[in-house]
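To start, the structure itself, in structure tokens.
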Amino acid sequence: MKLYYAPGACSLGIHIILEEIGKPYELGQVALKEGAQHKPEYVAVNPKSKVPALDLGDGSRALTEFPAIAAYLALSNPEAGLMPKDPLGQARTLEAVDYVTGTIHPHAFTRQFRPNMFSLREEDHPKVVEQARGNAEKFFGVLDRIWAGETWVMPQGYSIADAALFFVQYWQVKRVGQPLPPKVERHYRAMLERPAVQRALEQEGLSA
Ligand SMILES: N[C@@H](CCC(=O)N[C@@H](CS)C(=O)NCC(=O)O)C(=O)O
């Protein structure tokens, strides 16, 4: 199995899940800033030119899309306990993962980091960034209000939803330098204590 990733990108969440599972895997770094995602070698791996992508090592097309990769890893490694066993618990876990990857990632952070993807007019970019910063505050606030677990997102315990939430928390704190609301902040601190998170950060050359 090989994870295609970029240091500090959303693939960090999948990297953490692989470290939590603890089975051998390889890492393949994709230099996004240099445009390596558009080069034929990587397009052959992931025609969508994005990370994460997980080569399953069985000759099949690499698995793409964070929620699909995370669910696959959790369901195919039940002993790691990364997904609740009951159907509603599983649906709630995927609900949280989808909020991170489908709403928070694009509309709070991609808008800030790459405003050109949201408006072709350069003069609009400061407004796009400002709107995205407001979105981040609003979206983390929603998570704080609906928080159902104790330390972890799910009341059943640690899951793939925690690894997903971590990469956007990391961006908010380390890249944007903005605070998190109390329960989300407590979760972020607890994530930083996990050896799997520490290993993933270290392997990506990132500070805790
Ligand atoms: N829908 C994809 C989005 C993945 C994504 O946006 N990845 C970013 C890194 S955080 C990327 O590869 N960007 C490269 C680019 O857009 O050129 C998923 O959930 O996996």
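Every read-out reported here was derived from the displayed coordinates using simple, explicitly stated rules and does not represent laboratory data. Worth saying up front: this structure is predicted, and the values here are computed from it rather than measured. Note: ideal-geometry Cβ built from the backbone for every residue, glycine included; neighbour counts use all protein chains shown.
Things worth noting here:
- When the residues of the range 36-61 are filtered to those that are near the ligand (Cβ under 8 Å from one of its atoms) and in a loop (DSSP other than H, G, I, E, B), the one that is surrounded by the fewest Cβ atoms within 10 Å (Cβ to Cβ) is Lys48.
- Comparison of Leu88, Leu94 shows that the only residue that is in contact (Cβ under 8 Å) with a residue 12 or more places away in the chain, of a type in the set (A, V, I, L, M) and in a helix (DSSP H, G or I) is Leu94.
- Answer residue from the range 110-130, given it is among the aliphatic types (A, V, I, L, M) and surrounded by 14 or more Cβ atoms within 10 Å (Cβ to Cβ) and is farthest from Tyr170 (Cα to Cα) among those: Val128
- Only residues that are touching a residue at least 40 places away in the same chain (Cβ under 8 Å) and crowded, with 16+ Cβ neighbours inside 10 Å were counted across the range 2-35, and they come to 19.
- The range 20-35, subset in a loop (DSSP other than H, G, I, E, B) and of a type in the set (A, V, I, L, M), residue nearest to the ligand (Cβ to nearest atom): Val30
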